[in-house]
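Read the structure below first, then the notes.
What follows draws every value from the coordinates through simple rules; no lab data is involved. Here the structure is a predicted model, which means the values were calculated and not measured. All Cβ positions, even for glycine, are placed from backbone atoms using ideal geometry, and neighbour counts span all protein chains on display.
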Amino acid sequence: MIQISALPAFTDNYIWLLQDHRSHRCAVVDPGDAAPVLKWLEQHSDWILGDILITHHHHDHVGGVALLKAKNPHANVYGPALETIPARDIALKDNDRIQVFGWEFEVLAVPGHTLGHIAYYRHGLLFCGDTLFAAGCGRLFEGTPEQMYASLERLATLPEDTLVYCTHEYTQSNLKFAQAVEPANHHISERVEKVAQLRADGKMTLPSTLALEKLTNPFLRTAETSVKQKADEWSDQDNRSGSAVFAALRSWKDTF
C-alpha cells in the first residue's frame with residue numbers, strides 16, 4: 001500500500017510524501033525545504049528516503065535537495081534534464097519512465113512556467129509542480145503562452161479521474177479569478193463554497209481531480225464561448241485560437 005500525504009513548507013507550498021508501507025521506503029516530490037522532510041524522517045526512524053522527484057528548478061522546489069541528499073546519500077534524485085537541479089542523479093526528458101516502489105511513472109515535458117518543467121504521471125496520479133494548479137496555472141516565468149497552453153492541453157487529455165497533486169495552496173485565490181471569468185458557472189460557485197469550508201477548518205484543498213479542473217479551471221476551458229468572450233472583452237481583441245485566449249487569460253490573471 002502506498003500512501004500520499006503533504007508536508008507543508010514555507011507559507012503555501014506542499015512537499016508530497018509517498019510512503020510504501022511494505023518496504024518502509026518513502027519518496028518526496030519538490031522538497032523546497034529540507035526541514036519538514038527531515039523532521040518527518042526523525043519521527044519515523046524506521047523509514048528510508050529512497051527517491052526525490054523534482055519538477056523544475058525554482059528554489060521553493062529544490063532548496064532542500066542538497067541537504068536531503070547529503071543526509072540520505074543512497075536516495076535517487078530525479079529531475080528535468082533541461083534544467084540545473086542540485087544533486088541530481090538521473091536527468092529526465094519527455095516520455096522517460098521511472099520506477100518508484102515498483103510504480104512506473106511517465107515523465108511529461110510541460111514547458112511554460114519554466115522551459116524544462118516536467119510532470120510525473122501514472123494512472124490516477126499526476127505530480128505537476130507549478131504547471132497546473134487547482135483552478136489555475138503557473139505564471140509564465142520562462143516559457144511562452146503557446147508552450148503553456150500546449151502543456152495544459154496535454155495534461156487535459158489524461159483520464160478525468162486523475163488526482164492532481166500541484167504544489168501550492170492557491171485554490172481559493174484562483175477561484176476568485178475563475179468566478180470573474182465565468183460568473184454563471186455553478187460548478188465554480190459550488191467549489192468556492194466547499195473550498196471556503198475546507199480552509200475555515202484548516203484543511204488543504206488538494207489533490208484536485210482532472211474532471212473538476214475541466215469544469216472549473218478557466219485555463220482548461222479556453223474552448224468555451226463564455227470564456228473566450230470574457231478574454232476578448234478584457235484584451236479588447238478577437239482571440240481566435242485557444243492559445244490566444246489562454247494568453248489573454250494569463251495576462252488578466254497576472255494583474256487580477
Original post:
Once the piece of chain linking Asp236 and Asp161 is laid out straight, how much longer is it, given 0.36 nm per residue of separation minus the C-alpha distance between them?
Top reply: 23.4 nm
Subject >> Gaussian network model of the chain, Cα within-10 Å springs - most flexible of Leu125, Leu17, Leu38 >> reply: Leu38
Subject >> Within a Gaussian network of the chain (alpha carbon springs, distance under 10 Å), most fluctuating of Ala200, Ala180, Ala27 >> reply: Ala200
Original post:
What number, in percent, do you get for the relative contact order of the chain if the mean sequence gap of Cα pairs under 8 Å and at least 6 apart is divided by its residue count?
Top reply: 13
Original post:
Which values of log₁₀ I(q)/I(0), to two decimal places, follow from the Debye formula for the chain at q = 0.09 Å⁻¹ with a uniform point scatterer at every Cα?
Top reply: -0.39
**OP:** Holding the Cα-Cα limit at 25 Å, pick out from Lys39/Lys69; Lys71/Lys93; Lys176/Lys203; Lys194/Lys214; Lys93/Lys176; Lys93/Lys253 the pairs that are longer than that.
**Re:** Lys71/Lys93; Lys93/Lys176; Lys93/Lys253
**OP:** Using a Gaussian network model of the chain whose springs link C-alpha atoms within less than 10 Å, name the residue from Thr144, Thr11, Thr205 with the highest mean-square fluctuation.
**Re:** Thr11
**OP:** Quick one: which residues, 5 or more positions from Leu49 or on another chain, have an amide H under 5 Å from its amide H? H modelled 1.01 Å from N in the peptide plane, none for Pro or chain starts.
**Re:** Cys26
Subject >> Nearest-ten-degree value, helix 171-181 long axis tilted from longest Cα axis of the chain >> reply: 20
Subject >> In order through the range 231-248: 3J(HN,Hα) via Karplus (6.51 cos²θ - 1.76 cosθ + 1.60), integer Hz, x for Gly, Pro >> reply: 5, 5, 4, 5, 8, 6, 7, 8, 7, 8, 10, x, 5, 5, 4, 4, 4, 5
Original post:
Counting trypsin sites (Lys or Arg not before Pro) as exposed when in a DSSP loop with at most 12 other beta carbons within 10 Å, what is the longest stretch of the chain free of them?
Top reply: 94-202
Subject >> Potential extension, Trp103-Asp89 segment - 0.36 nm per residue separation minus Cα distance >> reply: 3.1 nm
Original post:
Using Cα pairs under 8 angstrom and six or more residues apart, how large is the relative contact order of the range 112-224, in percent?
Top reply: 31
Original post:
How many angstrom lie between the C-alpha centres of the range 188-256 and the range 12-32?
Top reply: 29
Original post:
How would you classify the range 1-83 from its alpha-carbon gyration tensor, with a ≥ b ≥ c the square roots of the eigenvalues: rounded for a/c under 1.5, else prolate if a/b is greater than b/c, otherwise oblate?
Top reply: prolate
**OP:** Report the paramagnetic label zone for Ala66: residues of the range 30-45 whose backbone N is under 13 Å from a point 7 Å from Cα along the Cα-to-Cβ axis.
**Re:** 34
